[in-house]
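Participant: Please find one structure pasted underneath; my questions will follow.
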């Protein structure tokens, strides 16, 4: 946990990548990033071009540009061709044809799991350092590209500068130095296998008032060098790390007034159990999820072995002060169209929030490599809550406390659900209630 940070939540792909692009334009020393999913249709805003256009220009300016790409294992169902930049012969030919001189390494995860971190670090260890941690993939639908058939996704990053950015730096060095494919000719680009990075030796200077902790989930056996981050103690990373999972549970247990969650997944049973305990304490809870879940969720609903997952969520729906919601925007044809919720955010009591890449399903919480930034700063959290609810409710809740604001959220979402059922598109905002007992059917 680091004091002295400046943080800035960035909601949705266009604002997030616009800000990242600005930081890249100002970079003076280095650009390092970790990439999970990638699409060749991705472009940075404001005419900056593709990911490789941006990286090639930065490398041509003399910056140290490094990328860690996830290379899916054959058994991974989410690593389909075209959804990642896995270092295939075609991928390497593209880099060769471009004359790309930035440095890249490919890294495999455990079995069918993902290296799911999405992070950027600009000018690592320098006075101009800034990091970005979040869940937005490098795909056109993540930025809401005009005309994309799937529309845009609701998602988030958080910009971090100050001592906590040193931990983003430490994570990148740890992964770069031990990337699984680094010794293979087709597992790296633009450098040799012995091109290793030194760990940071001191914390970045204070930049603001926020307390921030960079947290990770890492599967056991991925990395071995437990070199301590500055001011910390050596950590047995070889045994794995689950600090995001632990923090989710601790934050829910600590809640006294209100919990607001945005997540791509409904909570697994241990998290749902903690939420139910919070509900029995009278805590107001709203969870925003994709109104139309992905096919694998519907398949899980039909699997008797997964029934507990859906039963626990159905139990939450028995509490009056619980709401499961989706969001839908007005389409050009005058009807509501669901917006896919891809964000991974939780806010508690207007005092604490976490933003990152970690979903509330078992893969993210026990197998994927993930990264979140948790923030203790009431001013930041209240402003974030106000921004999110303004988008979803078309109403400013800045003068309301969080409990009352979520009660309003529940009432508006219920009203919009009735209008949806009546095929009346004249809603207030874009949020509408879902039936927890029927989710995924």
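Participant: State all residues of the range 284-311 that are in contact with a strand residue (DSSP E or B) (Cβ under 9 Å, 6 or more places away or on another chain) and buried (at least 20 other Cβ atoms within 10 Å of the Cβ); if no residue qualifies, say none.
Facilitator: Once the filter is applied, which keeps residues that are in contact with a strand residue (DSSP E or B) (Cβ under 9 Å, 6 or more places away or on another chain) and buried (at least 20 other Cβ atoms within 10 Å of the Cβ), the range 284-311 yields 284, 285, 286, 287, 288, 289, 290, 291.
Matching residues to (1) modelled with pLDDT of 95 or more; (2) part of a loop (DSSP other than H, G, I, E, B); (3) over 16 Å from the mean Cα position of the chain (by Cα):
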| site | (1), (2), (3) |
| --- | --- |
| 318 | yes, yes, yes |
| 328 | yes, no, yes |
| 334 | no, yes, yes |
| 370 | yes, no, no |
| 381 | yes, no, yes |
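Participant: Farther than 16 Å from residue 330 by Cα and free of Cβ contacts under 8 Å to residues at least 24 places away in the same chain: which single residue out of 438, 422, 373, 405 fits that description?
Facilitator: Details: 422 fails: farther than 16 Å from residue 330 by Cα; 373 fails: free of Cβ contacts under 8 Å to residues at least 24 places away in the same chain; 405 fails: free of Cβ contacts under 8 Å to residues at least 24 places away in the same chain.
That would be 438, the only listed residue that is farther than 16 Å from residue 330 by Cα and free of Cβ contacts under 8 Å to residues at least 24 places away in the same chain.
Participant: Being at pLDDT 95 or above, part of a helix (DSSP H, G or I), farther than 24 Å from residue 414 by Cα and over 21 Å from the mean Cα position of the chain (by Cα): is that true of residue 274 here?
Facilitator: On the way: at pLDDT 95 or above: yes; part of a helix (DSSP H, G or I): yes; farther than 24 Å from residue 414 by Cα: yes; over 21 Å from the mean Cα position of the chain (by Cα): yes.
In short, yes.
The values are calculated or read from the model by the stated rules, or taken from the named source; none is laboratory data. No experiment lies behind these values; they were computed from the predicted model shown. So basically every Cβ, Gly included, is an ideal-geometry build from the backbone, and we count neighbours across all protein chains shown.
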